[in-house]
Amino acid sequence: MFKYLTNLSASQVSDLEIPPKEAKSLPSFESKDQYRQWCIQRSTDHLFASCYHGIVETQRVTETNKPFRMVGFIADYDTNFQGDPIETIVANAEVGFRPTYCTRTFSNGIRLWYIFEQPILFTDAKVGLKFIEVVIKKLKVRALFPGFDEKAAKQYAQYYEIGNNWQEIPASCPIPTVFIEGWMFDAYRMARVKEHRTVTIPFDKIRAALEEKYPGAWPNGWDKFEIGARGTRFWDGGNANSCIVREDGITAFTGDSGFISWAQLLGKEWVERNTDEAIGEAIQNIWFESGANKYWRNGTNIGWQALQKEDLKLHLRLHNISDERGRENELSAMDRVLHQIQVSHSVGGVFPFHFNPSEIVSVNNQPMLNVSKVKIMQPDASRSGAWGEGFPNVAKFFEGFYDIKRNPEQFAHGIGELMYFYTSAYQGDVQRGRILVHAGAAGVGKTYMMNIYEWIFSGLEDAADYLLGRDSFNGTLVTAPVWAVDDAVVGNDTIIS
């Protein structure tokens, strides 16, 4: 979601879908000065958009409310372009790096709206500015139209009038996260130590790209092209076996150069893109819990997994990120990636926010990592919704358990409570403090009812010892979406206070 102000004097922001659901047209103005005055009037009720979320997400980005999350990029062009902007974008912007929408501004300029596949987080304004520079370069926004307003693009506090004539760009899509992450890595390198990074592109990708560019050029086929193999100078027509393949390029014993890098053979852009992708893939599911000095990784067979730094380094090595230092006191590529994670993938803590679909949840304006593993049972869309359809035995149990014939009100209360809990959980907004008590003789199905709740909500924990004061609060209770107390544990003379 982008954010918007109702006018440029407002301080509170709201979520904004791109494109906006309801278009807001501009009144007529006699001059640009009159338009500017209208923009800052507190009575103005319009849309002024930003691609940044502040640390306090409900407030506009300012010097005191620094940008915390960036969800896209807005490129503004002060130009009197007379042609078809869509044709120009399609002809000059590469598929995968095109803006999603194009609009016209009040002065008939052009504004391009790029959307990121996932928001990028940063808390360092200097690095953020470098990141914007990288985005401008990688998306080649300067070359699309004249009059690009680079100064406005580098101002976090800039809010743009929503514009008019929204047009979707053909073959456009959100900018992939793997590239965004790689670009942020570039930004950290530029903002701090401008040293060469060492990130190895998977060799299979290099081989495939060379085979596509130089078909049939490697002796005995490209499947024989591997590190340590000896072959010819295929790039300039040499036919002597005078080169050896290395991890970072080719060492040549003849010709004008003794070493040919992958950038020379495949192009600097290709190497940069695949390096960015390698870094992005390595860190996209990694978060740093600053208070505990601990890393978290998702995507394992157990879901979220806590990692110490050495465990994370092993993970990064498996993604071809080197820990080697070229010179004494020089930072390695792994050092830089670890620092990037600590700054741009940092959270204030971790907690299982059950049924909340968000990976990052804001609590008291602090980002918290949601490590819940529970998955609510999904409804069957093929069913009509009639009671008992698809679950006749369970429906029969509920009817007998609540004695629907003699106590229909009891049945309505029990099913209603289950429906309320399920609906709020399914919508990702579980309400606090809900308690359901089933009282009855042994053998009537109270324990089986607990099993049904565990089945539906993907987890249940016996909380009797904690509620009766026999045990302290613990992590097992935290990870369970439902607490239960069975009558086998609580006697008739026990009072829970």
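Within region 192-233, which residues are assigned to a loop (DSSP other than H, G, I, E, B) and at pLDDT 90 or above?
214, 215, 216, 217, 218, 221, 225, 226
For residues in region 344-354 being outside any loop (DSSP other than H, G, I, E, B) and touching a helix residue (DSSP H, G or I) at 6+ places or on another chain (Cβ under 8 Å), which is farthest from residue 320 (Cα to Cα)?
This residue is 351.
I'm told residue 459 meets every condition in (1) within 30 Å of residue 369 (Cβ to Cβ); (2) assigned to a helix (DSSP H, G or I) except one. Can you identify the failing condition by its number?
(2)
So which of 444, 430 is in contact with a helix residue (DSSP H, G or I) (Cβ under 9 Å, 6 or more places away or on another chain), crowded, with 16+ Cβ neighbours inside 10 Å, of a type in the set (A, V, I, L, M) and part of a loop (DSSP other than H, G, I, E, B)?
430
Filter region 377-411 for residues that are of a type outside the set (D, E, K, R), in a loop (DSSP other than H, G, I, E, B) and surrounded by 12 or more Cβ atoms within 10 Å (Cβ to Cβ) and give the result.
377, 388, 390, 391, 402, 404, 407
Residue-wise test of (1) within 23 Å of residue 480 (Cα to Cα); (2) β-branched (Val, Ile, Thr); (3) not assigned by TED's automatic domain parsing to the domain that holds residue 458.
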position: 400; (1), (2), (3): no, no, no
position: 404; (1), (2), (3): no, yes, no
position: 415; (1), (2), (3): yes, yes, no
position: 430; (1), (2), (3): yes, yes, no
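Of all the residues that make up region 139-155, how many are surrounded by fewer than 20 Cβ atoms within 10 Å (Cβ to Cβ) and either in a helix (DSSP H, G or I) or without any contact (Cβ under 8 Å) to a residue 60 or more places away in the chain (or both)?
9
Let's see how each residue does on (1) under 30 Å from residue 427 (Cβ atoms); (2) of a type in the set (S, T, N, Q); (3) in a helix (DSSP H, G or I):
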| site | (1), (2), (3) |
| --- | --- |
| 313 | no, no, yes |
| 342 | no, yes, yes |
| 356 | yes, yes, no |
| 361 | yes, no, no |
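Could you list all residues from region 15-36 that are loosely packed, with under 10 Cβ neighbours inside 10 Å and over 27 Å from the mean Cα position of the chain (by Cα)?
25, 27, 28, 30, 31, 33
Every residue, every condition in (1) free of Cβ contacts under 8 Å to residues at least 40 places away in the same chain; (2) out of contact with any strand residue (DSSP E or B) (no Cβ under 8 Å at 6 or more places or on another chain), yes or no:
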position	(1), (2)
366	yes, no
387	yes, yes
411	yes, yes
440	yes, yes
443	yes, yes
448	no, yes
459	no, yes
469	yes, yes
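For residues that are within 26 Å of residue 165 (Cα to Cα), of a type in the set (D, E, K, R) and surrounded by fewer than 17 Cβ atoms within 10 Å (Cβ to Cβ), tally how many sit in region 83-138.
Qualifying residue count for the region: 5.
For region 365-372, does any single residue satisfy the condition of being surrounded by fewer than 17 Cβ atoms within 10 Å (Cβ to Cβ) and either touching a Ser or Thr at 6+ places or on another chain (Cβ under 8 Å) or in a strand (DSSP E or B) (or both)? Steps first, answer last, please.
Step one: of region 365-372, the residues surrounded by fewer than 17 Cβ atoms within 10 Å (Cβ to Cβ) are 365-366.
Pick out the ones that are also either touching a Ser or Thr at 6+ places or on another chain (Cβ under 8 Å) or in a strand (DSSP E or B) (or both) and you get 366.
Yes, region 365-372 has at least one match.
If you check 68, 73, which single one turns out to be under 19 Å from residue 156 (Cβ atoms), modelled with pLDDT under 90, among the aromatic types (Phe, Trp, Tyr) and assigned by TED's automatic domain parsing to the domain that holds residue 132?
On inspection, the qualifying residue turns out to be 68.
The values are calculated or read from the model by the stated rules, or taken from the named source; none is laboratory data. Note that the structure is a prediction, hence the values are computed from the model and not measured. For neighbour counting, all protein chains shown are included, and Cβ atoms are generated from backbone atoms with ideal geometry for every residue, glycine included.
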